[in-house]
Amino acid sequence: MPIHGVVEAGVALIGEEQRKEWRADLNPKIQAVRELADKYGAHLLPADSMFTELAATTEPEHWAADGVHPTPAGHAALAAAWLRLVA
C-alpha cells in the first residue's frame, strides 16, 4: 500500500527505508503466489495491487490505516472483490 512519510505502529516509527526493505522481501512472495495460482488454476484476489489502485483514488489510510491491516472500508473492499471474483 502506498503510504508515504512516517507511520506510527505502536511505539515504532516506520519510514520509507523500512517500507522499501519490506517490499523487497514481499514482492518475490507475491510473485510466487501468483505463479502458484496460475499453475493450479486457483482463484487469486490480488489484494496488494487492488489496494494500490484504491489508494490512488482515496487516501491510503482509508483502506489500511497502518498500510497493512485493513480498516472496515478495506475489509469491505476485499469482500466485494472476492464476491466479484467467485461470482
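Could you give me the ³J(HN,Hα) list for the stretch 58-65, computed from phi with Karplus coefficients 6.51, -1.76, 1.60 and θ = phi - 60°, whole Hz, x at Gly and Pro?
9, 3, x, 5, 4, 8, 8, 4
Starting at 0 and stepping by 10 Å, how many percent of the alpha carbon pairs of the stretch 27-87 end up in each bin?
Pair shares across the bins are 21, 46, 30, 3.
Full-extension gain between TRP22 and ALA79, please, as 0.36 nm times their residue separation minus the C-alpha to C-alpha distance.
Computed gain between TRP22 and ALA79 is 18.0 nm.
Values in this text are rule-based calculations from the coordinates and carry no lab data. From a predicted model like this one, the values you see are computed outputs, not experimental measurements.
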